[in-house]
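S.K.: Below is one structure. I have some questions about it.
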Amino acid sequence: MTDTTPHEPRADGAATDAATYDVIVIGGGASGMVAGIRAARLGRRAIIVEKSPSLGRKLLASGGQRCNLSNTLTKDGFMERVGRDGRFMGPALDELGGPKLREFFHDIGVQTVVLDGFRVWPETRKSATVLKGLLDELERLGVPTMTGCEVLSTDHDGETFGVHHGGGVLRSHELVLATGGLALPKSGASGGGYGFAESFGHRITARHPAGVPVVTREDWPARLTAHTIGKAQVSVAMKKHAKVARTGDLIFTKKGLRGPVILDISRDLSPLLERYDEIPLHLNLCRGKTQEDWQSIFAEWRQGTQRPALDCFEEHLPRDVAEVLFELAGVPSTGTIQAIKGGPKDALIQTLVRTPITVTGHTGYDGAFVTRGGARLKDVDPHTLMSKIQPGLYLCGEVLDLDGPCGGFNLQWAFASGYLAGSGTGLAVE
Ligand SMILES: Cc1cc2nc3c(=O)[nH]c(=O)nc-3n(C[C@H](O)[C@H](O)[C@H](O)COP(=O)(O)OP(=O)(O)OC[C@H]3O[C@@H](n4cnc5c(N)ncnc54)[C@H](O)[C@@H]3O)c2cc1C
């Protein structure tokens, strides 16, 4: 266990006045570090306790180690894209939404850039820069951190919180649970925080890996791993869940599908996989072209000179993707485009508009970037992120039952909610 505390807790961890902090933050990830910074800026004596040997391991891995820390959406646009329960984020986004978050980072020496009009990155395009900014600020504020220290349980004795770890117990007047979710276990994610929340009476909703590649029954994606399909449409082919649909870049893998559109729709697919063994999907790999679009395209082709069918398709799809679609439609791909008519043409158009594929699983938390589910939002006040059950207890970041799609949503939430939780500290003891 490494302890950087200037006001050291006793080695046996026993509670003493000196070691009764104003705030203990459990978890030194994105939300926990910002909660610690905010609480310290407000004059609270805070400490961060982190089980990993260093803080911010998941933050370092984020965005392919480049850290897509936010995006340029307005508050309303942001909450709408999050979907289910997005409005819970409102007060946190008021405190540290996109522009304010960029200012926050600017003030701690981390410049940010937007290169595609949407995603916000550190100017260096390195997550290490973001982490260094946060660590430097914690150091400047004198916030002690205990790393390599796994919290095993928590309690409240009627006056103070107890945080029990291998070396003893720390006590505080307020407690921030910033323990994250279950994705990327090697970053320290273990889900222990759910148990701590439960021990205070919080209910925890079912959890699923989200932002996760999917496994398909069909093996044809393995033949197409070289390709990224832009603006692919993906929808669930079940009447009851027909509204589950997304558009974005799609990548084929040896076992199925990945890419932003899949990571995004997997937030809905993984809970469905608990209910159904398999989920039929429809893909539209031609930028949403409809039956009518294809009828007109075929009509034009028919009037032109005799050409091999696959040559014609090259302007719409990579050649080997087109070959697979011909196979799926049961139409030979070796003839001319003029030879494709009647039933075969209809079958091909049907396959082009709605390519069937079946999801049978996902790659689990190892391959996921966020957890769907967590501590129930109804038990937490969105204006302070204080527990409605246990005064003085705050929950922030991914431990809560909130997750967003790809594109800086989850880190933005982690930072903003950490900030709001840190702002609230002091409320329960004043
Ligand atoms: C590979 C990958 C890439 C990602 N890329 C992006 C991206 O580019 N943009 C984006 O917006 N989101 C991204 N995300 C999601 C984002 O990183 C997370 O949603 C965010 O880090 C959650 O922050 P958090 O503070 O809630 O949890 P975390 O950052 O996971 O921090 C929780 C901390 O709590 C500690 N902890 C847990 N239990 C205990 C315990 N019992 N005792 C002590 N410490 C404990 C953990 O070790 C961990 O350090 C990515 C996720 C992954 C896995």
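S.K.: If you take the residues of the stretch 306-336 that are among the β-branched types (Val, Ile, Thr) and more than 25 Å from Leu257 (Cα to Cα), which of them is most open to solvent (accessible area, probe 1.4 Å)?
M.R.: Residues of the stretch 306-336 that are among the β-branched types (Val, Ile, Thr), as a first pass: 321, 324, 331, 334, 336.
Subset that is more than 25 Å from Leu257 (Cα to Cα): 334, 336.
On the way: Thr334: 127, Thr336: 43 Å².
Among residues in the stretch 306-336 that are among the β-branched types (Val, Ile, Thr) and more than 25 Å from Leu257 (Cα to Cα), the one most open to solvent (accessible area, probe 1.4 Å) is Thr334.
S.K.: For the stretch 173-192, how many residues are over 20 Å from Val380 (Cα atoms), out of contact with any Leu (no Cβ under 6 Å at 6 or more places or on another chain) and of a type outside the set (D, E, K, R)?
M.R.: If we filter the stretch 173-192 for residues that are over 20 Å from Val380 (Cα atoms), which is where we start, we get 182-190.
Narrowing further to those that are out of contact with any Leu (no Cβ under 6 Å at 6 or more places or on another chain): 182-188, 190.
Imposing the further condition that a residue be of a type outside the set (D, E, K, R) reduces the set to 182-185, 187-188, 190.
The total comes to 7.
S.K.: Let me ask something else about it. Residue under question is Thr228, and the condition is that it be among the polar types (S, T, N, Q) and either in contact with a His (Cβ under 7 Å, 6 or more places away or on another chain) or under 30 Å from Pro318 (Cβ atoms) (or both); does it hold?
M.R.: Working: among the polar types (S, T, N, Q): yes; either in contact with a His (Cβ under 7 Å, 6 or more places away or on another chain) or under 30 Å from Pro318 (Cβ atoms) (or both): yes.
For Thr228, the condition - among the polar types (S, T, N, Q) and either in contact with a His (Cβ under 7 Å, 6 or more places away or on another chain) or under 30 Å from Pro318 (Cβ atoms) (or both) - is met.
S.K.: If you don't mind, another one. List every residue pair whose Cβ atoms lie under 9 Å apart, where the two residues are 6 or more positions apart in sequence or sit on different chains, the first residue falls within the stretch 231-243 and is modelled with pLDDT of 95 or more, and the second residue, located anywhere, is open to solvent by 80 Å² or more (accessible area, probe 1.4 Å) and not β-branched (Val, Ile, Thr).
M.R.: Pairs that qualify, where the first residue is modelled with pLDDT of 95 or more and the partner is open to solvent by 80 Å² or more (accessible area, probe 1.4 Å) and not β-branched (Val, Ile, Thr), are Lys231/Arg287; Ala232/Arg287; Gln233/Arg287; Ser235/Lys243; Ser235/Arg354; Val236/Lys243; Ala237/Arg354.
S.K.: Would you confirm whether any residue within the stretch 212-230 is within 16 Å of the ligand (Cβ to nearest atom), modelled with pLDDT of 95 or more and open to solvent by less than 50 Å² (accessible area, probe 1.4 Å)? Please lay out each step first, then the result.
M.R.: As a first pass, look at the stretch 212-230 and keep what is within 16 Å of the ligand (Cβ to nearest atom): 212-213.
From what's left, modelled with pLDDT of 95 or more: 212-213.
Subset that is open to solvent by less than 50 Å² (accessible area, probe 1.4 Å): 212-213.
Yes, the conditions are met somewhere in the stretch 212-230.
S.K.: Tell me the residue from Gly404, Gly408, Gly418, Gly397 that is assigned by TED's automatic domain parsing to the domain that holds Glu137, in contact with a strand residue (DSSP E or B) (Cβ under 7 Å, 6 or more places away or on another chain) and either small (Gly, Ala, Ser) or at pLDDT below 95 (or both), please.
M.R.: Working: Gly404 fails: in contact with a strand residue (DSSP E or B) (Cβ under 7 Å, 6 or more places away or on another chain); Gly418 fails: in contact with a strand residue (DSSP E or B) (Cβ under 7 Å, 6 or more places away or on another chain); Gly397 fails: in contact with a strand residue (DSSP E or B) (Cβ under 7 Å, 6 or more places away or on another chain).
The conditions single out Gly408.
S.K.: Can you run down the residue pairs with Cβ atoms below 8 Å, 6 or more apart or on separate chains, where the first is in the stretch 157-176 and farther than 21 Å from Met33 by Cα and the partner is in a strand (DSSP E or B) and hydroxyl-bearing (Ser, Thr, Tyr)?
M.R.: Listed pairs, sorted by first residue: Thr160/Thr20; Thr160/Ser172.
S.K.: Identify the residue in the stretch 340-382 that is among the acidic types (Asp, Glu) and modelled with pLDDT of 95 or more and, among all such residues, is surrounded by the most Cβ atoms within 10 Å (Cβ to Cβ).
M.R.: Result: Asp379.
S.K.: Sticking with this one: Restricting attention to the stretch 183-202, and to residues there that are in a loop (DSSP other than H, G, I, E, B) and near the ligand (Cβ under 9 Å from one of its atoms), which single residue is modelled with the highest pLDDT? Break it down stepwise before answering.
M.R.: As a first pass, look at the stretch 183-202 and keep what is in a loop (DSSP other than H, G, I, E, B): 183-184, 188-191, 200-202.
Those still in the list that are near the ligand (Cβ under 9 Å from one of its atoms) too: 183-184, 188-191.
Working: Ala183: 92, Leu184: 87, Gly188: 77, Ala189: 81, Ser190: 85, Gly191: 88.
For the stretch 183-202, the residue satisfying everything is Ala183.
S.K.: Among the residues of the stretch 231-244, which ones are under 18 Å from Val324 (Cβ atoms) and either in contact with an Asp or Glu (Cβ under 9 Å, 6 or more places away or on another chain) or open to solvent by less than 30 Å² (accessible area, probe 1.4 Å) (or both)?
M.R.: Of everything in the stretch 231-244, those that are under 18 Å from Val324 (Cβ atoms) and either in contact with an Asp or Glu (Cβ under 9 Å, 6 or more places away or on another chain) or open to solvent by less than 30 Å² (accessible area, probe 1.4 Å) (or both) turn out to be Ala232, Val234.
S.K.: Need pairs with beta-carbon distance below 6 Å; first residue polar (S, T, N, Q) and within the stretch 43-59, second within 12 Å of the ligand (Cβ to nearest atom); sequence gap 6+ or separate chains.
M.R.: Ser52/Gly188; Ser54/Thr147
S.K.: Moving to a separate point now. Scan the stretch 34-53 for residues that are touching a Ser or Thr at 6+ places or on another chain (Cβ under 9 Å) and either within 9 Å of the ligand (Cβ to nearest atom) or open to solvent by less than 20 Å² (accessible area, probe 1.4 Å) (or both) and report the count.
M.R.: 11
S.K.: Sticking with this one: What number of residues within the stretch 136-151 satisfy the criterion of being surrounded by fewer than 19 Cβ atoms within 10 Å (Cβ to Cβ) and more than 14 Å from the ligand (Cβ to nearest atom)?
M.R.: Residues meeting the conditions: 5.
S.K.: Collect the residues in the stretch 57-87 that are open to solvent by less than 80 Å² (accessible area, probe 1.4 Å), touching a Gly at 6+ places or on another chain (Cβ under 6 Å) and under 13 Å from Leu184 (Cβ atoms), keeping them in residue-number order.
M.R.: Lys58
S.K.: Could you tell me whether Arg372 is of a type in the set (Lys, Arg) and within 16 Å of the ligand (Cβ to nearest atom)? Before the answer, list the steps.
M.R.: Working: of a type in the set (Lys, Arg): yes; within 16 Å of the ligand (Cβ to nearest atom): yes.
When the stated conditions are applied, Arg372 passes them.
S.K.: May I ask you to say which residue of Gly90, Gly133 is under 24 Å from Ser52 (Cβ atoms) and open to solvent by less than 10 Å² (accessible area, probe 1.4 Å)? Before the answer, list the steps.
M.R.: Values: Gly90 fails: under 24 Å from Ser52 (Cβ atoms).
Every option except Gly133 fails the conditions.
The values are calculated or read from the model by the stated rules, or taken from the named source; none is laboratory data. Since we're looking at a predicted model, the values are computed, not measured. Backbone-built Cβ (ideal geometry, glycine too); neighbour counts: all protein chains shown. Accessible surface areas use protein heavy atoms only, side chains included; no ligands, DNA or RNA. Shrake-Rupley method; radii C 1.70, N 1.55, O 1.52, S 1.80 Å.
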